[in-house]
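Down below is the structure, laid out as structure tokens.
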Amino acid sequence: MLSGMSSTGPADAVARAEEILFSRPYRASRQVQNLLAVEASDHMHGDGPFGASATRRLSELTGTSVLLTSSGTHALEMTSLLLDLGPGDEVVLPSFTFPSAGLAVARTGASCVFADCDPLTGNIDPESVAAAMGPRTRAISVMHYGGVPVDLDAVGAIARRWGVPVIEDNAHGLGVRLGDRVLGTVGSLGIQSFHDTKNVQCGEGGALLVNDPELLARAEIIREKGTDRSRFLRGEVDKYSWVDTGSSYPPSELQAAVLDAQLEEFATIQERRHAVWSFYAQALADWAREHEAVLMRPEPVHAAHLFFLLMPDGRQRDALLRHARARGVHATSHYEPLHTSVAGRRFGRPAGELAGTLSFSSRLVRLPLWPDLSARQQERVVDAVLSFQPALQREGAGA
Ligand SMILES: *Cc1c(COP(=O)(O)O)cnc(C)c1O
């Protein structure tokens with residue numbers, strides 16, 4: 001147990017060992033060995049052999065150009081630099097997403113226009129996007145919640161009508177395929193995150209997927225402190241110098257060593273996560289029908305990144321979270337709408353009421369989901385939900 005064993009004494013450790021954490025990072029069989037190889041080498045900075053190998057694996061998985069970054073947040077920040085966003089510009093993005101999507105826009109001086117989401121999937125609503133567009137709009141940023149694809153045809157049509165690029169935050173949906181499309185590679189730019197809560201993790205890490213070939217040369221420069229060092233390393237120029245804006249975005253070789261080991265086991269990770277997902281879906285189906293709860297749908301595809309259910313209202317959601325916690329099951333909510341956050345109000349505005357977002361966010365419960373959840377732990381998670389009686393909770397004191 002990560003946090004459990006570090007506490008005060010043996011009794012405490014035993015009690016805490018029964019807690020089922022919401023998320024635990026996957027350990028790939030070769031990651032320690034890879035780390036020792038880096039330790040023994042003289043190459044600790046970015047873009048060494050493991051960086052090259054992880055990049056190759058990601059390019060094969062996605063079929064596009066990949067630049068590793070030190071986080072998903074940094075990859076999002078790179079998209080803003082590549083599009084030269086600045087004061088007076090607007091980006092349309094979901095209110096229901098991680099703050100980094102808004103931060104990447106705000107830190108350039110541009111503003112966020114928050115669009116609504118579909119109240120069943122949490123994905124951006126194309127009608128709300130259409131209503132949010134205007135002459136200042138420079139890009140549409142979308143996020144595939146749980147790796148369930150956003151309606152990219154509808155969003156793409158709006159983007160073409162206004163002549164702006166689409167950015168895909170695919171932090172949840174690594175390698176998800178829909179027909180001949182791979183999530184993260186449909187828009188001009190996509191991003192992945194390898195934070196330790198994600199399906200594939202290296203502690204902190206990310207990647208920029210560059211799908212518009214015209215952006216690739218500049219993306220390499222922005223990633224390398226505004227220099228043409230990437231061309232120098234390929235022997236295309238005989239020295240490198242400062243040529244553009246940028247920052248230091250590559251992960252170190254230590255992170256890449258872990259990432260490479262994880263990518264090697266991607267199929268196993270996905271198989272195990274999907275097994276847990278399917279167990280929950282099947283075990284909770286009758287309960288959901290009886291209690292007017294809505295389970296996350298597997299169609300058309302998803303990444304088994306998360307399993308969510310929607311309670312009939314926010315009060316019942318909060319009651320279910322407390323009920324599960326009392327049974328040692330760390331179920332949890334998710335994003336607070338960005339348009340109601342302190343920084344979201346300062347750096348952006350909502351495109352309307354965003355009723356879908358408020359409903360989805362307030363009714364959402366996510367269940368623990370990680371590859372090494374034992375059968376017994378999965379049953380305890382299910383029991384924590386099945387034993388919840390909304391009717392009794394409503395009447396009961398303090399529920
Ligand atoms: C995790 C996540 C991010 C941020 O990624 P980091 O690697 O933690 O910076 C951005 N967007 C979404 C949807 C995420 O889930």
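The values are calculated or read from the model by the stated rules, or taken from the named source; none is laboratory data. What you see is a predicted model, and the numbers here were worked out from it, not measured in a lab. Don't worry about glycine lacking a Cβ; one is built from the backbone with ideal geometry, like all the others, and counts go over all protein chains shown. Surface areas here come from the heavy atoms of the whole protein model, side chains and all, with no ligands, DNA or RNA. Shrake-Rupley method; radii C 1.70, N 1.55, O 1.52, S 1.80 Å.
Descriptive notes on the structure:
- The condition (being at pLDDT 95 or above, within 16 Å of Ile140 (Cα to Cα) and in contact with a Phe, Trp or Tyr (Cβ under 8 Å, 6 or more places away or on another chain)) is satisfied by just one residue among Ser100, Ser70, Ser111: Ser111.
- Restricting segment 187-212 to residues that are away from the ligand (no atom under 12 Å from the Cβ) and surrounded by 23 or more Cβ atoms within 10 Å (Cβ to Cβ) leaves a set whose member that is farthest from Ala101 (Cα to Cα) is Val210.
- Leading residue by the ranking (nearest to Pro87 (Cα to Cα)) among those in segment 100-119 that are within 14 Å of the ligand (Cβ to nearest atom) and not hydrophobic (A, V, I, L, M, F, W, C): Arg107
- Single unsatisfied condition, Leu215 versus (1) of a type outside the set (Gly, Ala, Ser); (2) away from the ligand (no atom under 16 Å from the Cβ); (3) part of a strand (DSSP E or B): (3)
- Residue in segment 328-345 that is in contact with a helix residue (DSSP H, G or I) (Cβ under 8 Å, 6 or more places away or on another chain), of a type in the set (Lys, Arg) and surrounded by fewer than 17 Cβ atoms within 10 Å (Cβ to Cβ) present: yes
- The set of residues in segment 1-36 being surrounded by 14 or more Cβ atoms within 10 Å (Cβ to Cβ), at pLDDT 95 or above and farther than 30 Å from Val182 by Cβ consists of Glu19, Ile20, Leu21.
- In segment 166-186, residue least open to solvent (accessible area, probe 1.4 Å) [restricted to those that are of a type in the set (D, E, K, R) and more than 12 Å from the chain's Cα centre (by Cα)]: Arg181
- Gly163 vs. criteria open to solvent by 60 Å² or more (accessible area, probe 1.4 Å), away from the ligand (no atom under 12 Å from the Cβ) and of a type outside the set (Val, Ile, Thr): yes
- Filter result for Arg315 (farther than 17 Å from Ser387 by Cβ and surrounded by fewer than 16 Cβ atoms within 10 Å (Cβ to Cβ)): yes
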